[in-house]
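The values are calculated or read from the model by the stated rules, or taken from the named source; none is laboratory data. Quantities reported herein were computed from a predicted structural model and do not represent experimental measurements. In this analysis, Cβ positions are derived from the backbone assuming ideal geometry, glycine residues included, and neighbour counts consider all displayed protein chains. The protein model used for the area step is the full one, side chains on, heavy atoms only, and it has no ligands, DNA or RNA in it. Shrake-Rupley method; radii C 1.70, N 1.55, O 1.52, S 1.80 Å.
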Amino acid sequence: MNEKPKVCLVSCSVLREELEQLVKQGSLDAELVFVSKFFHIDYAALENNLRKVLEQTLKRFKGKVVLVYGDLCLGQDNEMKKLSQEYGVVKVDAVNCIDCQLGGKGKFFEADPEHNLMFMDPGMIGFFKHAKEQMRREGVDDATFANMFSGIKGAVILDTCGDAEKCKEEMEKSGMGLKVLEVRKIGLENVKQVILDAIEQACRIN
């Protein structure tokens with residue numbers, strides 16, 4: 001019988017494909033718990049659900065719990081860091097999920113200093129596809145949805161799982177109206193290292 005992992009990752013489901021692949025290939029020994037990425041449109045709903053998940057996970061999981069969320073995922077005032085401190089769990093050193101994919105520690109800001117790019121990984125493409133469908137149901141037409149991205153220069157696809165062509169097709173169908181400027185084949189190494197660093201930090205804490 002396999003021994004249970006000593007670490008549980010509570011993560012936004014925007015990173016589901018990457019984390020499941022890392023566990024499957026044996027690069028990450030952790031239990032995975034995901035909170036729906038679709039809560040991201042509402043900070044209050046995200047916090048409420050994240051609290052429930054953390055409380056349940058801390059009760060049933062006897063090892064270390066690591067939070068895989070960015071600093072900005074609950075707002076601009078360190079709300080996510082404060083939440084991790086409140087529950088006594090270590091959080092990854094990243095400003096958002098894209099920063100995790102780029103290696104964390106604020107590399108996201110270096111990659112887009114003018115704030116005019118959309119970095120899209122498989123999870124983010126799915127998020128915006130869902131957002132468009134949701135807005136349609138609420139009476140927002142496709143032109144209005146596309147206009148939300150009018151100030152953006154274009155999209156940079158982060159190919160993490162080796163499915164760049166599928167990502168490009170999904171981007172074209174997303175209705176965001178963004179030209180794909182670049183595909184970066186970054187793989188899983190960056191996000192893996194960000195998580196391993198957080199696990200190491202958690203394991204140093206008694």
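Of note:
- Between Gly70 and Cys97, the built amide H atoms are under 5 Å apart, and every one of these is 5 or more places off in sequence or on another chain.
- Its residue count N fixes a reference of 2.2 N^0.38 Å for the stretch 1-113, and the Cα radius of gyration divided by that reference is 1.05.
- Take every Cα pair under 8 Å whose residues are at least 6 apart in sequence, average their separation, divide by the length of the stretch 22-149, and the relative contact order is 15 percent.
- Linear extension gain, Glu200 paired with Lys24, 0.36 nm per residue minus alpha-carbon span: 61.3 nm
- The alpha-carbon of Lys166 sits under 30 angstrom from the alpha-carbons of these lysines, leaving out residues fewer than 8 places away in its chain: Lys24, Lys37, Lys105, Lys107, Lys129, Lys132, Lys153, Lys179, Lys185, Lys192.
- FRET efficiency for the pair Lys105 and Arg136, taken as 1/(1 + (r/R0)^6) with r the Cβ-Cβ distance and R0 = 45 Å, rounds to 0.75.
- 0 to 90° range, to nearest 10: angle between helix 164-173 axis and the chain longest Cα axis: 50 degrees
- Of interest is the spacing of the C-alpha centroids, which for the stretch 113-148 and the stretch 176-206 amounts to 22 Å.
- Probe 1.4 Å, accessible area per residue of the chain, Å²: 53 Å²
- Cβ crowding within 10 Å averaged over residues, with 151-161, 183-193, 135-145 ranked highest first: 151-161, 183-193, 135-145
- Each residue of the stretch 118-129 was assigned a 3J(HN,Hα) from its phi angle through the Karplus expression (A = 6.51, B = -1.76, C = 1.60, θ = phi - 60°), giving 10, 8, 10, 10, x, x, 5, 4, x, 4, 6, 4 Hz with x at Gly and Pro.
- Amide H contacts under 5 Å for Asp121: Leu158, restricted to partners 5 or more places along the chain or on a different chain, H placed in the peptide plane at 1.01 Å from N.
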